[in-house]
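Since the structure comes first, as structure tokens, the remarks are kept for the end.
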Amino acid sequence: MKKYLSIIFISFLFLFSAFAKAQQEPTTVIKTKGRYINNTVELRFFPDRKSTMKLAFKSGFIIERANGSAGNFIEIGRTTPYSEAQWLEVMNAAPNEDKMNEIELAMDFYLDVLEDNGGTMSFNDGIGELKNQKAAEDFQLMISLLTAIKNAEAAKGLGFSYVDQTVENGVDYTYRVKLVAPSTIYKIESIPFSIKAINNSDALKNKVYIKTGDTELGFVWNEHPDLSGVDVERTINGKNVKLNKAPIYAIRGSDYDGPKRTGFDEDSLVNYQKYTYRFYAQTLFGERVQFAEVTGMPRDRKPPQQPFLKQPQHAQPDEVHIEWEMQAPIAGDFKGFAISRSEENNGTFTLLHDKLLPQTARKFIDKSFLMDKTNYYLVQAVDTANNVSSSFPVAVTLIDSIPPSKPIFIKGKIDSTGVVTVDIKKNPEADLMGYRLYRSNAAEHEFSAIKEGFLSIDSMGRDVKTVYKDTVTLKSLTPYIYYRVEALDFNHNTSEFSEILKVKRPDKIAPTTPVFKKIKSTEDVIELQFALSKSIDVKEQILYRKTDLKAPWEKYQVLKNDQLTFIDKNVKKGTIYYYSMRAIDESENASEYAVPVQGKTYKTGVRPPVEDLRITTKNGEVTLVWSYKDLNKETYFVIYKKNKDGQFVRHGRSLKLRFSESEKNKSTYAVKVFTTDGGQSKLSKEVSI
């Protein structure tokens, strides 16, 4: 039955591996590190899986090198593990028992990896057993790596070490390590390692930071990629004594991405005594090196007892008295007191004196306090090690009889549901506590307090409430609601009342409609006479005008509430203009349009006369010349001449600004303007020859 179980177990592993490979090809890596020493490059390399190690132990490693970072790698050597005889030889040559045990542990691991460890699997415990076996293998792998790091001969015996003796000083090299035998399960990645062949004496230095405590010291250092297994030593009675029982390793999960630091603490020390510590670690090449030496001194960190601060008193107009208490007994290292002040209980406190107050002090007088601000006080006890303990901050209540200034309303409005919003301009006083809002249905009635918005003494840094909400009924005979407000400071000094704010209730009744009384048209203007709406809540009266009776009304002019007439000068002759009016109240309700009226300017037919009429004669021919500024195609001129009776009669006609005829006798002329639409001017001045 055991045989079959073994076959099932092996089949299960094969199927699982085949399934995993079908899903994603598993990968194993070989990482390499190195150093330049004694004109050689010494390498260490480690596979990350036991199965990869088994291939390496059977066939060995191939070491390749390339100059610089180029990819032209060439093989420079191979390594294989020791034979059993070689293991025994180096064990016998070990300088001490610890080194011999390390080499023996590495040999046992080597032999264990080469041995095929099959097994049975219980169907009840199978998966758990697999996990336990994997955990055991991982632990063995970790122990072997730590041993190889700690012991150079063990690393060489496992085939994890190689020395390149063909390097040149100052040249850059890149190395990679491969397996001689390929893996049928894993894809093997060789991680390249680059190094410059120069000596660096500070390569393994690593700073250690000290945290000073009370009778204790703490040490923190960032992990160094080439160091592990830290030991801490301190000189005690002239000898270096190791303080940690086991090397300090940092073990974290593979997905950890935070700061990589390690630490060590020592307590039960003597305060103010210096201690020197040395920090050692193992390199990848089996060497124990000192990477830091620091000196620290623990100090007294215990603060003195906390003072109890009483309520500060504004005892005099320019003095605040501060008193505090301390419980007996007072510690022997107590030094004195410091008094400080701030405008906020959690703000920045300013020291009020230059030197510490003596141990026996229990009172202090502040003459520099801020009269118009909040003053918080803090008492701090200080010992000889400058440890500090603080009282709780306590504010003083100042004696203040000056009230805030008279508040000012910014605006108030009421919506269609009866919610009133009142906006107050914030007072300038630094100690303003808030406002109290009053309401009345009439300006002459008594006002009742309806709202308060006050800050507490501990919330002075916050903004004072300046917007208040109220709810009123809309069904009221009074069209307005009235408000007043008063301001208070933190000493409850009260300002005088603000001016009354009148807020109109929503109005859905339109104002009465304006009426035209008379319209008068002349040659140049149209004059309107009307009676405007007399509703008390009218906000504006609007005059509308249009030239097309079917077109919508256009807003033309806003009239004054006491206006009785309007003269429209922006008119064209012969054009008919239609007019109407509406009244708008404070709730934006609009009246009906007034009954429209119309007007039109008319033409009189009178034209301006000609100007600058002149007459000349030459060789019996008379010529009349004149000027006329309104000359156009519709204009013509009639020439008049006096008859024997001395009367002007029509004599000729001209479309131009001149007229000529033959005349040798004395004659008198005049000119008159006519237009084709029947217009005419008066007779011009007369001219004679």
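The numbers here are math on the coordinates, done by the rules we state, and not lab data. Note that the coordinates shown come from a computational prediction; the quantities given were computed from them, not determined experimentally. Cβ placement follows ideal geometry from the backbone for every residue including glycine, while neighbour counts extend to all protein chains displayed.
Please state the charge dipole magnitude for the stretch 515-600, taken about the Cα centre, from unit charges on C-beta atoms (+1 on K and R, -1 on D and E), reported in debye and rounded to the nearest 20. Write down the numbers at each step before the final one.
Values: 15 positive and 13 negative charges, 92 e Å.
Roughly 440 debye, rounded to the nearest 20.
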Any of Lys187/Lys207; Lys31/Lys58; Lys656/Lys682 with alpha carbons more than 30 Å apart? Name them for me.
Lys187/Lys207
Hydrophobic long helices for the chain, i.e. whole DSSP H runs reaching 15 angstrom or more by Cα along the axis with Kyte-Doolittle mean at least -0.5, come out as 2-23, 97-114, 126-150
Leading residue at positive end of dipole, the chain (Cβ point charges), from Tyr480, Asn643, Tyr579:
Asn643
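Below 13 angstrom from the Cβ of Tyr578, what's the summed charge of the other residues (Lys, Arg +1; Asp, Glu -1)?
Details: positive: Arg545, Lys546, Lys550, Lys600; negative: Asp548, Glu554, Asp568.
With Lys, Arg at +1 and Asp, Glu at -1, the neighbours total +1.
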Between the stretch 237-252 and the stretch 486-563, what is the separation of their alpha carbon centroids in Å?
95
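Translational D (Stokes-Einstein, µm²/s) of the stretch 308-395 at 37 °C and 0.692 mPa s when Rh comes from the Kirkwood sum over C-alpha pairs?
Working: Rh = 13.4 Å.
After rounding, the answer is 245 µm²/s.
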How big is the Rg/Rh ratio for the stretch 517-651, C-alpha atoms only, Rh by Kirkwood, two decimals?
1.31
3J(HN,Hα) from dihedral phi, the stretch 566-579, Karplus parametrisation 6.51/-1.76/1.60, rounded to Hz, x for glycine, proline
8, 10, 8, 9, 8, 10, 10, 5, x, 8, 8, 10, 10, 10
Under 5 Å between amide hydrogens, which residues at least 5 positions from Glu189 or on another chain qualify, with H placed 1.01 Å from N in the peptide plane?
Thr28, Val29, Ile30
May I ask you to list the lysines whose Cα is less than 22 Å away from that of Lys555, ignoring any residue fewer than eight positions away on the same chain?
Lys517, Lys518, Lys520, Lys534, Lys539, Lys546, Lys569, Lys572, Lys573, Lys600
Environment charge at Gly678 (Cβ cut-off 14 Å; Lys +1, Arg +1, Asp -1, Glu -1)
+1
Computed over the Cα atoms of the stretch 408-504, the Rg and Dmax in Å are 13.9, 45
Hey, could you pull the Cα Rg and Dmax for the stretch 359-429, both in Å?
22.6, 71
Aspartates and glutamates within cross-link reach of Lys426: Cα-Cα under 14 Å, excluding same-chain residues under 8 positions apart?
Asp463, Glu486, Asp489
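Would you please put 183-190, 360-367 in order of how densely packed they are, using the mean number of other Cβ atoms within 10 angstrom per residue and starting with the highest?
On the way: 183-190: 15.1, 360-367: 13.5.
Going by the mean number of other Cβ atoms within 10 Å, highest first, we get 183-190, 360-367.
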Alpha carbons only, please: Rg and Dmax for the stretch 259-309, in angstrom.
17.8, 64
For Thr40, which sequence-distant residues (separation of 5 or more, or a different chain) have an amide H within less than 5 Å of its own amide H, given hydrogens modelled in the peptide plane?
none
If the convex hull of the alpha-carbon atoms of the stretch 606-688 is projected onto planes in all directions, what is the mean projected area in square nanometres?
5.2
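Rounding to the nearest 20 debye, state how big the charge dipole of the chain is about its Cα centre with +1 on each Lys and Arg Cβ and -1 on each Asp and Glu Cβ. Working shown, then result.
Details: 96 positive and 89 negative charges, 1189 e Å.
Taking the Cα centre of the chain as origin, the dipole is about 5720 debye.
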Under the rule rounded for a/c under 1.5, else prolate if a/b exceeds b/c, else oblate, using alpha carbon gyration tensor axes a ≥ b ≥ c, the chain is classed as prolate
